[in-house]
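The values are calculated or read from the model by the stated rules, or taken from the named source; none is laboratory data. None of the values given here were measured: they were computed from a predicted structure. Positions of Cβ are backbone-derived with ideal geometry, glycine not excepted, and every protein chain shown enters the neighbour counts.
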Amino acid sequence: MGFLEAETGEKLQAPVEHDDRRKQFFFSQDLRAAVLTPSFPQAELKSIHIFYYTRQSFCLILFNTASVKALFYSTDFISERRKKTDNAQEGVEHLLDHISEQEPLAILFSIFCDLAELVFSSIEEECPDLCFPSPTQDYFTNANKELEKDAQQDYHLDYAMENSTHTVIEFTRELHTCDANDKIITDSTVRVIWAYHHEDPGDSGPKYHDSNRGTKSLRLLNPEKANVLSTASPYFDLVNQDVPIPNKGTTYWCQMFKIPAFQEKHHVIKVEPVIEKGHESLVHHILLYQCSSNFNDSVLDYGHECYHPNMPDAFLTCETVIFAWAIGGEGFTYPPHVGLSLGMPLDPHYVLLEVHYDNPAHKKGLIDSSGLRFFHTTDIRKYDAGVIEAGLWVSLFHTIPPGMPEFRSEGHCTLECLEEALGAEKPSGIHVFAVLLHAHLAGRGVRLRHFRNGEEMQSLAYDDDFDFNFQEFQYLKEEQTILPGDNLITECRYNTKDRSGMTWGGLSTRNEMCLSYLLYYPRINLTRCASIPDIMEQLQFIGVKEIYRPVTTWPFIIKSPKQYKNLSFMDAMNKFKWTKKEGLSFNKLVLSLPVNVRCSKTDNAEWSIQGMTALPPDIQRPYKTEPLVCGTSASSPLHGVFSLRLLLCSLLLGSLLSTQGL
């Protein structure tokens, strides 16, 4: 950082060592006149200090007056007003309009400077609006859950605002601080813990927060897509109406809808969840399927529990996932060159809305009207979006032993399926732009791995700190191409230490899933690319020798050996005495087993590879991430994916805070 000081009217130049970003500033009489308003009497103006920041050439212009308070304006505040100004004098006057006669000392001046990160110090007295409070302190919790001040201070306060209802804090921190007391920030979910006390910290440090605390899961590095919607953007809702939720743990409710009739092609450009107020934890996830078009509107008359023996036959034609939302997620905006196509012959006419209700307390009398909202446009984009469901086919053949601190399952989108489908539909490949990773309560991490010719490429998406209550589409920082003959593996890590029985693949949140939903373009005729592990070799691990054939019951029954005779395969797996050692051996076996390929088209059609057996890929060259090295510069890459710089966060604690601060 360069430091310059001068009287008004003097020409200033950046230091020679910053020659590549050299800037010259001239404080004209217009600027001087603008500064010397009643808020800054000429007698009080002593000097101007410029803090010159080298990265993006911004400056902090400090008007040194006799005032003791300070006022800080963020770049957003300035840039909004800069849009409304034509010259420097107007810009200054706009700022000074917001300064009282008793207030202040510091103004961030972006009229002459590029926007960039900011550096500022503290003030001593309270301030009623935009200001900087006392310096931030970096703390951590020890093994006894006690707060300790960190010897290495890595959090830097950039901006703060406080009024009678809210306190906003903005701070920066390196993604990798090389501090054992700091968590490395990656693309994975981060559980942000907040707490506050109504009184400011004293000499002894922060005071106990009592009940003023909470947590929120966030994916801090998930790049945001700009909201390009105008306030007049048309939309339609697909929303359930007064669904009675049974007093049981898991309910899947299905309702068919007809897409509005369009006279021309439309593109859906954004999808938002419409969750009934108070049901944010009840509605766990929503899937939207494309159904056969060979129906009339009689299929719209009523909803029914999904996967039920008595559900309407029309539901069975709804196999193609066209959108997915899960708990904790917000609205999804498609990239500017991609949209979900509606109104054309191959586009959905009838759709099935599948809502998973999670009611672990078995509450009675719940009525829900939740669903999805679709914003659309006739300004057609270049590509139609598609969705591929990849991973483990949801079935009882997905098995996880009890008492395991870590167990890994893999679902394969095999090279055979991608070779056939992409070879016929799009030999040049498809481009993935977002991924939703999905598991249930035992899930601890999910990763979508990508292989080509035996070499592992960079993972398409991952979450090593998976949170069941926070699942949303991850935008890829760069679109990734899938080619014919590639392999995709959805890898899930589970923890079943608190379980005494087997965990099975299934629909309940106490069952498990291991799925990835890939948003891509251009749309092809491939909706599901998954696998089922061989169950007989799994049963052989516990000593099963023979089952009754033909299979006439489900789950099927074991014939021998004697200790399992006439038991279902589920009962036999639960009867086996699982230890951690046995679980690790079983995991090694399962990951090496042949898999049954699922390779589906729309309208319940299948590619010819469907049902065939394939082997897991022979990984000759696993992907190697770049090691994290302490002491590297802030611009060093992390995992070779993104640049380490400064992480910008805003913490809004809400209306409970008083004007006294944290």
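Quick look at the numbers
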{"item": "Flag if Pro336 is in contact (Cβ under 8 Å) with a residue 60 or more places away in the chain and over 22 Å from Gln263 (Cβ atoms)", "result": "yes"}
{"item": "Conditions (1) closer than 23 Å to Phe323 by Cα; (2) touching a Phe, Trp or Tyr at 6+ places or on another chain (Cβ under 7 Å); number of the one not met by Lys426", "result": "(2)"}
{"item": "Test result for Leu300, aliphatic (A, V, I, L, M), within 27 Å of Leu437 (Cα to Cα) and not assigned by TED's automatic domain parsing to the domain that holds His431", "result": "no"}
{"item": "Test for Ala232: is it without any contact (Cβ under 8 Å) to a residue 60 or more places away in the chain and hydrophobic (A, V, I, L, M, F, W, C)", "result": "yes"}
{"item": "The one condition in (1) surrounded by 18 or more Cβ atoms within 10 Å (Cβ to Cβ); (2) on the phi > 0 side of the Ramachandran plot that Gln471 fails to fulfil", "result": "(2)"}
{"item": "Residue in the stretch 501-518 that is modelled with pLDDT of 95 or more, of a type outside the set (Phe, Trp, Tyr), in the same structural domain as Ala439 (by TED's automatic domain parsing) and in contact with a helix residue (DSSP H, G or I) (Cβ under 7 Å, 6 or more places away or on another chain) present", "result": "yes"}
{"item": "Sole residue being of a type outside the set (S, T, N, Q), modelled with pLDDT of 95 or more and in the same structural domain as Glu479 (by TED's automatic domain parsing), chosen from Gly454, Gly429, Gly371", "result": "Gly429"}
{"item": "Test: residue in the stretch 230-242 that is under 26 Å from Tyr357 (Cα atoms), of a type in the set (Val, Ile, Thr), at pLDDT below 85 and not in a loop (DSSP other than H, G, I, E, B)", "result": "no"}
{"item": "Of all residues in the stretch 399-412 being closer than 27 Å to Phe556 by Cα and within 26 Å of the chain's Cα centre (by Cα), the one that is surrounded by the most Cβ atoms within 10 Å (Cβ to Cβ)", "result": "Gly411"}
{"item": "Candidate set from the stretch 162-216 (those that are among the aliphatic types (A, V, I, L, M) and assigned to a loop (DSSP other than H, G, I, E, B)); member that is farthest from Lys477 (Cα to Cα)", "result": "Ala180"}
{"item": "Residues located in the stretch 289-328, provided they are under 17 Å from Asn604 (Cβ atoms) and within 28 Å of the chain's Cα centre (by Cα)", "result": "Tyr289, Gln290, Cys306, Cys318, Glu319, Thr320, Val321, Ile322"}
{"item": "Single unsatisfied condition, Ala424 versus (1) crowded, with 19+ Cβ neighbours inside 10 Å; (2) within 22 Å of Glu319 (Cβ to Cβ); (3) at pLDDT 95 or above", "result": "(1)"}
{"item": "Ile532 vs. criteria surrounded by 15 or more Cβ atoms within 10 Å (Cβ to Cβ) and assigned to a loop (DSSP other than H, G, I, E, B)", "result": "no"}
{"item": "Out of Asp463, Asp486, sole residue that is farther than 22 Å from Arg219 by Cβ and in the same structural domain as Lys575 (by TED's automatic domain parsing)", "result": "Asp486"}
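Yes/no matrix, rows are residues, columns are (1) free of Cβ contacts under 8 Å to residues at least 40 places away in the same chain; (2) under 12 Å from the mean Cα position of the chain (by Cα); (3) under 23 Å from Glu512 (Cβ atoms):
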{"residue": "Gly443", "(1), (2), (3)": "no, no, yes"}
{"residue": "Phe451", "(1), (2), (3)": "no, no, no"}
{"residue": "Ala461", "(1), (2), (3)": "no, yes, yes"}
{"residue": "Gln471", "(1), (2), (3)": "no, yes, yes"}
{"residue": "Leu476", "(1), (2), (3)": "no, yes, no"}
{"residue": "Glu479", "(1), (2), (3)": "no, no, no"}
{"residue": "Ile482", "(1), (2), (3)": "no, no, no"}
{"residue": "Asp486", "(1), (2), (3)": "no, no, no"}
{"residue": "Thr490", "(1), (2), (3)": "no, no, yes"}
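Quick grid of which residues meet (1) among the polar types (S, T, N, Q); (2) more than 38 Å from the chain's Cα centre (by Cα); (3) over 22 Å from Met502 (Cα atoms):
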residue	(1), (2), (3)
Lys559	no, yes, no
Lys581	no, no, no
Leu584	no, no, no
Ser600	yes, no, yes
Ser608	yes, no, yes
Pro616	no, no, yes
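Yes/no matrix, rows are residues, columns are (1) surrounded by 17 or more Cβ atoms within 10 Å (Cβ to Cβ); (2) more than 30 Å from Ile327 (Cα to Cα); (3) modelled with pLDDT of 55 or more:
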| site | (1), (2), (3) |
| --- | --- |
| Val119 | no, yes, no |
| Gln153 | no, yes, yes |
| Val168 | no, no, yes |
| Asp203 | no, yes, yes |
